[in-house]
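Peer 1: I'd like to ask you about the structure that follows.
Read-outs: derived from the displayed coordinates by stated rules, not from any lab. Computed from a prediction, not measured in an experiment: that's the story for all the values here. Positions of Cβ are backbone-derived with ideal geometry, glycine not excepted, and every protein chain shown enters the neighbour counts.
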Amino acid sequence: MINRRTLAQATPQLVGQTITLMGWVHNKRDHGKLTFIDFRDHTGIIQCIAQGMMSELTNESVVEVTGVVQARPEKLVNPNLPTGSVELSVTEYKVLNLAKDLPIQVKDDGLNEDEQVRLRYRYLDLRRERMRKILRLRSEFYEAWRSALAEYDFVEVETPMLTKSTKEGARDFIVPSRFQPGKFYALPQSPQQYKQLLMTAGVERYFQFARCIRDEDLRADRGFEFTQLDLEMSFVDREDVMKVLEDMTIKAVEQAGGKIKTKPFPVYDYQEAIKQFGADKFDLRTEEDKQNGVLAFAWVINFPFFKKVDKKDAAEVRDSQSGWTFTHNPFSAPLPDHIDDHLAKRNIDRILTSQYDLVCNGFEVGGGSIRAHQPEVLRTTFEIMGYSNEQIEASVGHMLEAFELGTPPHGGIAYGLDRLVMLLAGEDSIKETIAFPMTSTGRTAVMDAPAEVSEEQLKELGLKVEQIKK
Ligand code: ASP
C-alpha cells in the first residue's frame, strides 16, 4: 500500500508519470464538468483536476486519487504553493472515508475558535497547518535534544507512574489500589526521587522526557499534566551542570531553528534579579528581538532555601509542620558556605540553596539543583520543616537509606518542554504545543474526563462515593 503511494511534495519532479496520492480533500470547486480538488497530505497540497467525476466529494473526505502529473501552463503556475508548477489530471479515485459537514473548519489558524470546541474536536483542530507545524517542531526539538544528550553520554531511563507522594509543592493525584483496599498510589509530580536513586544505582547521567502530574489550581495556560526534560548527573557541582545544560540547550534550540540572544547565558543573583526586575523571571528582549522571535535565556542562582508557608497554599500547608517550607525543592543541598548553618538550623531565612533556574523571555523554563546526598543534610531539611523522626522515615526514609549505601554527589535539572516549544514556535499558550491538552476547566480533550465510574468498579476498589459539603 505505502509503496504505491506518492506524497504531494514529490509531485513537481514527476511530470508525465502516473501516480497515486492518498490524503484529504482540502478544498473542492466545481466548474461545470470540471472538478478542482486541492488535495492534502502531511507533506503539502497539490491541485487535482477531474473531468466528470469527484463532484460528490466533501471537504476533508479521505481519498485515493490516481492520475498523471502535468506541468501547468506558465500563466497558471501558482508561486505560493511548493507544488504550484504541476497538477494531477485524475483518471481514477476511491473514497476511503466520506466526511460529513465539519463542526469546525480546518483551513484557518483556529485562534478565534472557542477553546471548548477546538478541544472537543482536537483531531480536526490538529489538521490545521499551524498545528501540524507545531507538532512537527516539537518532534524535531525532541530529536535535537536526544542527539545533544547522546553526545554527553546521557542514558534514557523510564521511571514509574504509580508511586508515592513526590513533594514538588503541589497536591498529588491519587489512585486507589484494588489489591490493597484503602491504600493509594500517587501519580508523580516529577521523577525527582527516582532520578536520584538512579544516581545511587551508578547510572551517572540520566534523562527522560517525563510526564509530571500536579493537582494545581488551573489557569488559562495550565493543565494538570505537563512534560519535563528531566535529567541528573553524578560527580558535578552547580557550575558543571549549568555549563553542560547551557551547551546542550544552545545545540538543541539552534538545531530546531531557534535564535538565541546572548551566549553564554547571563547569570543573575536572585537578589539582583528581584532588585532589577521585581521578579525572578524576566524578559531581556528588546522590541526588535521580540519581532525577530529571539530567545533570551538567563540563569538565576543563589535563591533562599526556605520561606514562610503561604497559608493560602494547601500543598505548602500540608508539606510543612513548622511554618517553614522549601522555596524550590526539599532534596536540594544548601550552597557549600551555608551547610553549617543548615545543619545547625541557624539563620534559616538566610540559608541559600544550590538551586539554578533558567528563564527565557519572561518565563521560568527550567530549574534544578545540586542535591543533598548526605543523609544528615536531607534529614535536617525535613527537621527545619518541623517533621518528627517518624514523619521523616515515612516520607523520605527510603532516600535516607539509599544515601547510606554509596550515593555519589549529584545534581540535575528539569526543563518545561511545553513552554520551551511554545517560545520556539512563537505561540502564546502552552496548550498550542500539546497534542491533547485539557480545557481550562480541567476536562480532557475529546474524551471528556473526569467521568463517573460504575458501582462495580467502586466495589472492587472498596470505595464508596459520598458527597461531603465543603
Ligand atoms: N524536580 C524538579 C522540578 O520538577 C526539578 C529538579 O530539581 O530537577 O521542578
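Peer 1: Rounded to the nearest 500, what is the chain's calculated 222 nm mean residue ellipticity when only DSSP H runs of at least 4 contribute -39500 (n - 2.57) each, over all residues?
Peer 2: Computed ellipticity for the chain at 222 nm equals -7500 deg cm²/dmol.
Peer 1: What is the antiparallel percent of DSSP beta bridges lying wholly in the chain, to the nearest 5?
Peer 2: Just about 90 percent of them are antiparallel.
Peer 1: For region 241-256, in order, what is each residue's ³J(HN,Hα) by Karplus, 6.51 cos²θ - 1.76 cosθ + 1.60 with θ = phi - 60°, in whole Hz (x at glycine and Pro)?
Peer 2: Values per residue, Gly and Pro as x: 5, 4, 5, 4, 5, 5, 4, 5, 4, 4, 4, 5, 5, 5, 5, 8 Hz.
Peer 1: Ok, one more. Once a ≥ b ≥ c are taken as the square roots of the eigenvalues of the Cα gyration tensor of the chain, is the result rounded (a/c under 1.5), prolate (a/b larger than b/c) or oblate (a/b not larger than b/c)?
Peer 2: Verdict is prolate for the chain.
Peer 1: How high is the FRET efficiency from Glu74 to Arg4, r the C-beta distance, R0 30 Å, rounded to 0.05?
Peer 2: E(calc), rounded to 0.05, equals 0.45.
Peer 1: Can you give me the relative contact order of region 65-144 as a percent, contacts being Cα pairs under 8 Å and 6 or more apart?
Peer 2: Relative contact order for region 65-144 comes out at 22 percent.
Peer 1: What is the set of long-range amide H partners of Lys261 at a cut-off below 5 Å, with H atoms built 1.01 Å from backbone N?
Peer 2: The answer is Leu295, Ala296, Phe297.
Peer 1: Does a label point 7 Å from the Cα of Val453, set along Cα-to-beta-carbon, have any residues of region 153-175 with amide nitrogen under 12 Å, and which are they?
Peer 2: Correct set: 174-175.
Peer 1: Can I ask one more? Taking the Cα atoms of region 294-406, what is the range of coordinates along each of the three principal axes, in descending order and whole Å?
Peer 2: Cα spread of region 294-406 along its principal axes, largest to smallest: 50, 38, 26 Å.
Peer 1: Oh, and also: With +1 on each Lys and Arg Cβ and -1 on each Asp and Glu Cβ, and nothing else charged, work out how big the dipole of the chain is about its Cα centre, in Debye to the nearest 20.
Peer 2: Around 1160 debye, computed over the chain.
Peer 1: Mind checking which of Trp24, Ile174, Gly397 is farthest towards the positive end of the chain's charge dipole, using Cβ charges of +1 (Lys, Arg) and -1 (Asp, Glu) about the Cα centre?
Peer 2: Farthest towards the positive end: Trp24.
Peer 1: Give, in whole angstrom and from largest to smallest, the semi-axes √(5λ) of the equivalent ellipsoid of region 41-151, with λ running over the eigenvalues of the Cα gyration tensor. Kindly include the intermediate steps, with their values, before the conclusion.
Peer 2: Details: eigenvalues 184, 99, 40 Å².
Over the Cα atoms of region 41-151, the ellipsoid semi-axes are 30, 22, 14 Å.
Peer 1: Post the alpha-carbon centroid distance, region 427-459 to region 1-79, in whole angstrom.
Peer 2: First find each Cα centre; the distance between them is then 37 Å.
Peer 1: Further question: Need one number: nm distance between label points at Asp310 and Glu129, each 7 Å from Cα along Cα→Cβ, rounded to one decimal.
Peer 2: With each label placed 7 Å out from Cα toward Cβ, I get 4.2 nm.
Peer 1: Another question, if that's okay. Go through region 190-287 and name the chymotrypsin sites (Phe, Trp or Tyr not before Pro) that are in a DSSP coil and have 12 or fewer other Cβ atoms within 10 Å of their Cβ.
Peer 2: In loop regions of region 190-287 (DSSP not H, G, I, E or B), the sparsely surrounded chymotrypsin sites (Phe, Trp or Tyr not before Pro) are Phe235.
Peer 1: How much length is gained on full extension from Gln13 to Lys469, taking 0.36 nm per residue of separation minus their Cα-Cα distance?
Peer 2: Details: separation 456, 0.36 × 456 = 164.16 nm, distance 6.87 nm.
My answer for the length gained is 157.3 nm.
Peer 1: Need one number: nm distance between label points at Glu92 and Thr20, each 7 Å from Cα along Cα→Cβ, rounded to one decimal.
Peer 2: Rounded to a tenth, the inter-label distance reads 0.7 nm.
Peer 1: Grab the Cα-Cα distance for Asp114 and Leu218, subtract it from 0.36 nm times how many residues apart they are, and report the gain in nm with one decimal.
Peer 2: 35.6 nm
Peer 1: Something else: Counting alpha carbon pairs within less than 8 Å and at least 6 residues apart, what relative contact order, in whole percent, applies to region 275-429?
Peer 2: Values: 243 pairs, mean separation 39.2, N = 155.
Relative contact order, region 275-429: 25 percent.
Peer 1: Between the helical axis of 389-402 and the dominant principal axis of the chain, each derived from Cα atoms, what acute angle in degrees is found, rounded to the nearest 10?
Peer 2: 70
Peer 1: For Met161 and Asp237 in the same chain, what is the full-extension length gain: residue separation times 0.36 nm, less their Cα-Cα distance, in nm?
Peer 2: 24.4 nm
Peer 1: Give the lysines reachable from Lys275 as a straight Cα distance under 25 Å; neighbours fewer than 8 places away on the same chain don't count.
Peer 2: Of all the lysines, those that pass the test against Lys275 - Cα under 25 Å, at least 8 places apart if same chain - are Lys261, Lys263, Lys290, Lys307, Lys308.
Peer 1: Using modelled amide H (1.01 Å from N, peptide plane; none on Pro or chain starts), what sits under 5 Å from the amide H of Leu352, excluding residues fewer than 5 places away?
Peer 2: Phe305, Leu335
Peer 1: Alpha carbon centre of region 359-396 versus region 297-326: separation in Å?
Peer 2: 10
Peer 1: Of Ala220, Gly44, Gly202, whose Cα points farthest to the positive end of the dipole of the chain (charges on the beta-carbon: +1 Lys, Arg; -1 Asp, Glu; origin at the Cα centre)?
Peer 2: Checked the options; the winner is Gly44.
Peer 1: Can you find, among Leu420, Ala451, Val317, the residue farthest towards the positive end of the dipole of the chain? Put +1 on the C-beta of Lys and Arg, -1 on that of Asp and Glu.
Peer 2: With unit charges placed on the Cβ atoms, the residue in question is Ala451.
Peer 1: Then there is this: Report, in debye and to the nearest 20, how large the dipole of region 321-409 comes out about its Cα centre when Lys and Arg carry +1 and Asp and Glu carry -1 on their Cβ.
Peer 2: Value, rounded to 20: 120 debye.
Peer 1: Explain nothing, just the number: dipole magnitude of region 364-446 about its Cα centre with +1 on each Lys and Arg Cβ and -1 on each Asp and Glu Cβ, in debye rounded to the nearest 20.
Peer 2: 240
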